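A short write-up of the structure that comes next.
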2 protein chains.
Amino acid sequence: MYASKNIPRVQTMDGIPAAEDPLPRVVIIGAGFAGLKAALHLRNAPVHLTVIDRTNHHLFQPLLYQVATATLSPGEISSPIRHVLKRQRNAEVIMAEVTGVDTVQKRVLLGERSVPYDYLVVATGAREKYFEHDEWKPLAPGLKSIEDARAIRHKLLHAFETAEQERDVERQKELLTFVIVGAGPTGVEMAGAIAEVARKVLTSEFRHIDPSLARIVLIEAHEWVLSAFPEKLSHRAERELRRLGVEICTKTFVTQIDERGVVANGERIQACTVFWTAGVQASPAANWLDVEADGAGRVPVAEDLSVPGLENVFVIGDTAACTWRGRLLPGVAPVAMQQGVYVARLIAARVAGRAMQPFHYVDKGNLATIGRGFAVLQMGRLKLWGFPAWVLWLLIHIYYLIGFENRILVLMQWAWAYITFRRGVRLITQVEPLAS
Amino acid sequence: MYASKNIPRVQTMDGIPAAEDPLPRVVIIGAGFAGLKAALHLRNAPVHLTVIDRTNHHLFQPLLYQVATATLSPGEISSPIRHVLKRQRNAEVIMAEVTGVDTVQKRVLLGERSVPYDYLVVATGAREKYFEHDEWKPLAPGLKSIEDARAIRHKLLHAFETAEQERDVERQKELLTFVIVGAGPTGVEMAGAIAEVARKVLTSEFRHIDPSLARIVLIEAHEWVLSAFPEKLSHRAERELRRLGVEICTKTFVTQIDERGVVANGERIQACTVFWTAGVQASPAANWLDVEADGAGRVPVAEDLSVPGLENVFVIGDTAACTWRGRLLPGVAPVAMQQGVYVARLIAARVAGRAMQPFHYVDKGNLATIGRGFAVLQMGRLKLWGFPAWVLWLLIHIYYLIGFENRILVLMQWAWAYITFRRGVRLITQVEPLAS
């Protein structure tokens with residue numbers, strides 16, 4: 001009665017003899033930009049494909065900061081993986097947590113169960129890195145998942161609610177001070193968005209505080225914000241951030257974070273809310289594969305993105321330490337997507353008995369947005385900033401958002417937010433005792 | 001530096017002498033339909049108004065089942081209370097949990113703090129009632145808040161994910177059986193929506209199960225579903241539910257709920273997922289006010305909605321036991337809104353030294369929807385069903401949704417879902433170990 005109309009040629013789970021399957025089994029762990037691209041580009045390959053993810057959705061991470069700052073709803077930047085791969089008949093999706101990989105038996109371990117593979121693609125991304133200070137994690141959340149975004153949104157909005165009820169002026173200042181550690185694209189975008197929430201969105205909604213007096217501090221260890229960008233664009237970005245009232249502390253190192261604030265370059269900044277976007281640590285893939293990781297936990301890969309010493313095992317996206325023309329490729333979406341496409345083609349070629357050229361990276365440039373109507377963009381020799389760059393930012397993000405419905409809805413939300421500064425998703429849903 | 005541009009004439013919180021205020025202080029607890037209507041209708045009254053809610057948002061509860069079944073995002077049916085009352089200069093909003101009321105000192109207690117009142121309006125709604133079985137609560141969640149809706153969505157989607165990975169056929173059947181206890185409007189709407197998710201939305205997304213074979217069982221103690229409706233409409237609703245493949249068990253009493261299912265009329269139904277919409281229990285307002293509640297925890301009110309024996313204390317909405325022409329008014333939005341408007345007018349009249357007629361209820365009828373394109377509607381003598389009733393359902397809900405942006409977005413989501421059966425918000429965000 002419950003048997004499927006869509007029985008695949010073989011079931012790859014435990015209990016069904018794998019030998020029946022004439023097709024090579026490809027297992028992809030992680031359905032982010034890298035993993036999903038690889039899966040989609042294997043659609044015509046004669047393989048049996050299994051995509052494993054701990055959640056049921058692909059997340060459009062570049063817009064996560066807009067969920068964290070209450071412009072978009074989580075559902076608008078997510079697409080169910082099953083839905084994306086619905087018509088891809090050679091693919092199945094397993095929602096499960098990977099616990100390890102048996103590279104000898106060639107099986108991916110899911111607790112007590114396991115899935116066999118002939119080709120393995122690991123694309124499990126990265127998490128925040130707190131350097132030697134894991135105790136900072138609960139104090140200064142990062143932004144990698146929908147849960148993170150909800151937690152940050154909650155913390156941000158809650159700070160204003162608590163400040164409204166606080167009668168101690170010093171404590172009120174602390175509550176209205178927001179520190180963002182790390183001025184890469186995420187940090188810069190967060191700082192700009194928080195400034196807009198405080199100065200524009202919440203205006204005249206409170207009776208005892210003036211949200212527009214909130215202090216937003218952006219801390220960066222490098223000499224400039226957006227250190228991956230050309231210096232000129234970094235300066236433009238800094239100027240725009242200052243215009244929005246963001247305090248920028250470059251060449252500044254955080255040495256302490258506690259419940260009342262941070263210590264940076266020896267100086268204390270009293271702040272109830274601290275966010276962390278200062279560094280990433282790759283997922284534990286290196287442990288699973290029993291290979292040596294680099295300092296950021298990434299797995300060093302060969303020029304065909306395979307892991308040296310392991311047969312038909314590939315690591316792509318933020319989890320891979322991939323060197324290209326002498327420099328390490330950054331953990332950004334364009335790199336992940338190109339690697340996903342490459343690995344799919346390589347596997348298809350191997351299955352067909354053909355050889356492949358090494359991975360070739362095409363630099364797509366850099367892009368970051370600051371508040372509404374301003375972005376900085378570098379594409380090859382082209383450098384753009386301000387409104388024209390923002391329009392390009394918008395078009396690129398809309399273009400890459402998976403799911404037609406999401407695109408339209410996000411565009412509408414943005415249009416509405418742009419005109420009115422309203423925030424439709426200003427939800428605080430957990431009931432927490434208000435700190436006082 | 002942090003002083004507000006919008007200093008109200010007086011601060012009502014502790015520490016500021018209340019005697020300074022020449023205006024009567026009105027405190028409204030709860031910003032649901034009843035409380036928010038009361039607040040909005042006091043906008044021109046010469047009072048100082050404080051609205052207290054445990055969350056920061058007004059929730060459009062009649063559409064909560066659409067969040068639970070992954071059609072709408074939480075943000076689309078919520079509006080920040082502060083935003084709704086932004087331009088109402090006599091109002092302030094406090095996000096806090098009420099712990100009690102001191103009716104002698106006339107103060108609302110918020111833990112260690114308190115807020116004084118001259119007029120108190122209690123509109124704190126209701127929660128599920130599990131009759132003598134509070135142990136059923138975690139097993140069969142109800143649907144009253146955004147958190148509830150997220151929990152139900154998670155449970156619903158997770159059941160399909162787990163079934164996909166289950167090899168035991170009996171266990172798979174259990175995982176694909178959904179029991180809804182209680183066939184009032186919420187239960188009927190949930191059953192219809194779950195049937196559509198299983199039969200239409202998830203089609204061909206799974207490889208090892210056929211979601212359309214899911215069993216959906218609706219259990220009701222009364223003789224018909226929608227017992228508040230005219231019998232004819234109940235029958236039409238039952239027919240439509242059956243057409244969608246919902247099993248209806250009327251005159252059926254649940255005597256046991258456990259992790260593997262329910263026992264109803266002595267018979268066991270194996271089911272991993274059970275939802276509860278069978279009864280409500282008013283909020284603890286009766287305890288706060290130290291008055292005797294009725295069987296459902298409601299506070300009996302006089303014909304001006306005041307609490308007998310207490311001066312200038314009113315209870316409205318689902319928390320009130322309000323008798324009108326010999327029968328108790330039901331806990332639905334039209335009743336709550338009419339009571340909110342009435343109490344606002346009454347307070348304004350008293351402040352002005354005028355008298356008011358007793359509360360007069362206008363029956364707006366009954367309305368429930370089943371899946372896409374079908375509703376039943378009774379308005380006075382008018383009885384409608386099918387598509388025409390559904391169009392009215394749509395117009396009425398769009399009309400009452402607070403916030404222009406939300407209306408447009410919800411309309412678009414519905415239009416899209418109607419055409420394509422897609423669900424944009426099929427998010428499972430918690431990582432839970434998969435039961436097996």
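So the values come out like this:
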{"item": "Only listed residue being crowded, with 17+ Cβ neighbours inside 10 Å, among the hydroxyl-bearing types (Ser, Thr, Tyr) and more than 10 Å from chain B (Cβ to nearest Cβ), chosen from A:124, A:162", "result": "A:124"}
{"item": "Exclusive hit being within 14 Å of chain B (Cβ to nearest Cβ) and either touching a strand residue (DSSP E or B) at 6+ places or on another chain (Cβ under 8 Å) or surrounded by 23 or more Cβ atoms within 10 Å (Cβ to Cβ) (or both), set A:49, A:42", "result": "A:49"}
{"item": "Which numbered condition residue A:129 misses (of (1) open to solvent by 20 Å² or more (accessible area, probe 1.4 Å); (2) of a type in the set (D, E, K, R); (3) within 14 Å of chain B (Cβ to nearest Cβ))", "result": "(3)"}
{"item": "Check on residue B:203, touching a helix residue (DSSP H, G or I) at 6+ places or on another chain (Cβ under 6 Å) and part of a loop (DSSP other than H, G, I, E, B)", "result": "no"}
{"item": "Unique match (being modelled with pLDDT under 85 and open to solvent by less than 10 Å² (accessible area, probe 1.4 Å)) among B:408, B:428, B:398, B:419", "result": "B:428"}
{"item": "Considering residues of region A:86-110 that are at the interface with another protein chain (Cβ under 8 Å from one of its Cβ atoms) and open to solvent by 50 Å² or more (accessible area, probe 1.4 Å) only, the residue modelled with the lowest pLDDT", "result": "A:87"}
{"item": "Filter result for residue B:111 (closer than 22 Å to residue A:428 by Cβ and assigned by TED's automatic domain parsing to the domain that holds residue B:189)", "result": "no"}
{"item": "Residue B:173 being in a helix (DSSP H, G or I), in contact with a strand residue (DSSP E or B) (Cβ under 9 Å, 6 or more places away or on another chain), of a type in the set (Lys, Arg) and over 28 Å from residue B:62 (Cα atoms)", "result": "yes"}
{"item": "Long-range neighbours under 7 Å by Cβ, at least six apart or interchain, first residue outside the structural domain of residue B:41 (by TED's automatic domain parsing) and closer than 9 Å to residue A:205 by Cα within region B:79-102, second small (Gly, Ala, Ser) and surrounded by fewer than 22 Cβ atoms within 10 Å (Cβ to Cβ)", "result": "B:86/A:204"}
{"item": "Breaking point among (1) touching an Asp or Glu at 6+ places or on another chain (Cβ under 7 Å); (2) open to solvent by 40 Å² or more (accessible area, probe 1.4 Å); (3) of a type in the set (A, V, I, L, M), for residue B:332", "result": "(1)"}
{"item": "Subset of region B:132-147 (residues that are among the basic types (Lys, Arg) and open to solvent by less than 60 Å² (accessible area, probe 1.4 Å))", "result": "B:144"}
{"item": "Conditions (1) part of a strand (DSSP E or B); (2) free of Cβ contacts under 8 Å to residues at least 24 places away in the same chain: number failed by residue B:262", "result": "(2)"}
{"item": "Extreme residue, farthest from the other protein chains (Cβ to nearest Cβ), among residues of region A:175-216 that are of a type in the set (Asp, Glu) and open to solvent by 10 Å² or more (accessible area, probe 1.4 Å)", "result": "A:189"}
{"item": "Residue in region B:34-50 that is among the hydroxyl-bearing types (Ser, Thr, Tyr), out of contact with any Asp or Glu (no Cβ under 9 Å at 6 or more places or on another chain) and touching a residue at least 24 places away in the same chain (Cβ under 8 Å) present", "result": "no"}
{"item": "Top-ranked residue of region A:271-292 - restricted to ones that are under 26 Å from residue A:227 (Cβ atoms), in a loop (DSSP other than H, G, I, E, B) and among the aliphatic types (A, V, I, L, M), ranked as most open to solvent (accessible area, probe 1.4 Å)", "result": "A:278"}
{"item": "Qualifying residue in region B:235-242 (condition: within 22 Å of the chain's Cα centre (by Cα), closer than 22 Å to residue B:366 by Cβ and open to solvent by 60 Å² or more (accessible area, probe 1.4 Å))", "result": "no"}
{"item": "Counted residues, region B:114-139 - those being over 24 Å from the mean Cα position of the chain (by Cα) and either assigned to a loop (DSSP other than H, G, I, E, B) or not assigned by TED's automatic domain parsing to the domain that holds residue B:338 (or both)", "result": "2"}
{"item": "Any hit, region A:227-241, residues being part of a loop (DSSP other than H, G, I, E, B), under 28 Å from residue A:373 (Cβ atoms) and at pLDDT 95 or above", "result": "no"}
{"item": "The listed residue being out of contact with any Pro (no Cβ under 7 Å at 6 or more places or on another chain), within 18 Å of residue B:38 (Cα to Cα) and surrounded by fewer than 18 Cβ atoms within 10 Å (Cβ to Cβ), out of B:300, B:358", "result": "B:358"}
{"item": "All positions within region A:344-369 that are more than 21 Å from residue A:330 (Cα to Cα) and not charged (D, E, K, R)", "result": "A:346, A:347, A:348, A:349, A:351, A:352, A:353, A:355, A:356, A:357"}
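The values are calculated or read from the model by the stated rules, or taken from the named source; none is laboratory data. Because the structure is a prediction, the values reported are computed rather than measured. Here the Cβ is made from the backbone with ideal geometry for all residues, glycine too, and neighbour counts use every protein chain on show. Ligands, DNA and RNA are stripped out before the accessible areas are found, and what is left, the full protein with its side chains, is counted by its heavy atoms. Shrake-Rupley method; radii C 1.70, N 1.55, O 1.52, S 1.80 Å.
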